[in-house]
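See structure below.
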Amino acid sequence: MRPHESLLWLQALGAESVIAPYYGKFARELECIERQGDWCAFSVGPAPRAVLVSRERFETLQPIRGLFDVDGLNRYLIWAMRPEAVGFEQQGSRIRVHGEAGPDDVVLIRVNALEWTSDAATQVDPLGFVVFDPGAAGAFETTLAFHKTKPAAPTLDDADYPRILPEGVVEATAYGRRLRTGSRTSPSSASVFAPMSPKSSSTA
């Protein structure tokens with residue numbers, strides 16, 4: 001993947017740094033904050049685990065239709081990359097999210113919606129992260145519990161492919177086996193990549 005698309009994905013998935021070869025594709029894009037031999041930890045930027053975002057923009061977000069959907073990724077980042085972080089406290093298998101919301105705010109919580117369930121109604125964004133709607137302006141609080149289950153394979157239809165689903169990246173209109181990230185597939189087959197859990201760093 002080219003540096004520009006890679007950086008967009010890192011930002012969208014909430015990575016704060018990425019470990020990659022020092023002379024690799026990120027050398028001109030990002031600052032190396034720690035180097036060991038030929039490898040470097042490049043800084044991507046701050047990525048709060050929970051942030052206030054626009055309810056109106058969320059309702060108009062479209063699915064991201066593949067790894068190179070730059071327009072879709074940019075629209076997602078305009079919505080998701082806001083500096084208004086809220087409280088995010090994790091203790092083991094429970095997460096407490098709290099803060100003050102405006103009348104038009106919802107809360108983007110960068111955890112996998114397939115693994116974390118809330119004590120309140122939630123929705124899922126195009127990358128599979130949890131979106132919590134406080135319902136009104138003012139103080140809010142919600143608790144999420146770890147609840148990992150093996151997701152069923154998505155039902156495929158006649159929509160355009162490739163595209164991104166909460167269950168993973170669907171590369172074609174029919175598939176049989178689940179492949180790990182980085183695997184290759186022929187044009188006549190397809191692959192589904194499990195969604196990445198948000199972490200502070202990634203490896204590229």
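Laboratory data are not the source of any read-out in this text; all were calculated from the coordinates shown. Because the structure is a prediction, the values reported are computed rather than measured. Here Cβ is always computed from backbone atoms with ideal geometry, including for glycine, and neighbour counts include all displayed protein chains.
Side notes on the structure shown:
- Compared with the alpha-carbon gap, the fully stretched path from Ala137 to His98 is longer by 12.8 nm at 0.36 nm per residue.
- The gain in end-to-end length when the Asp119 to Glu29 segment is fully stretched comes to 28.4 nm, 0.36 nm per residue minus the alpha carbon separation.
- Label sites at Phe146 and Phe68, each approximated as a point 7 angstrom past Cα along Cα to Cβ, lie 3.8 nm apart.
- Spin-label pair Ile78-Arg57: with each label point 7 Å from Cα along the Cα-Cβ axis, the two points sit 0.8 nm from one another.
- Sequence-ordered 3J(HN,Hα) estimates for the range 62-68 from the Karplus curve with 6.51, -1.76 and 1.60 and θ = phi - 60° stand at 9, x, 8, 9, x, 5, 10 Hz, glycine and proline given as x.
- The ranking of Met1, Met81 by Cβ neighbour count inside 10 Å, starting from the fewest, reads Met1, Met81.
- The HN-Hα couplings worked out from phi for the range 97-110 by the Karplus form 6.51 cos²θ - 1.76 cosθ + 1.60 (θ = phi - 60°) are 10, 8, x, 10, 10, x, x, 10, 9, 10, 10, 8, 10, 7 Hz, whole numbers, x standing for Gly and Pro.
- Amide H contacts of Ala120 (H built 1.01 Å from N, under 5 Å, at least 5 apart or other chain): Thr143
- The H on the amide N of Gly66, modeled in the peptide plane, is under 5 Å from the matching H of Ile164, each at least 5 residues off or on a different chain.
- Whether the range 38-137 is rounded, prolate or oblate, judged on the alpha carbon gyration tensor where a/c under 1.5 counts as rounded: oblate
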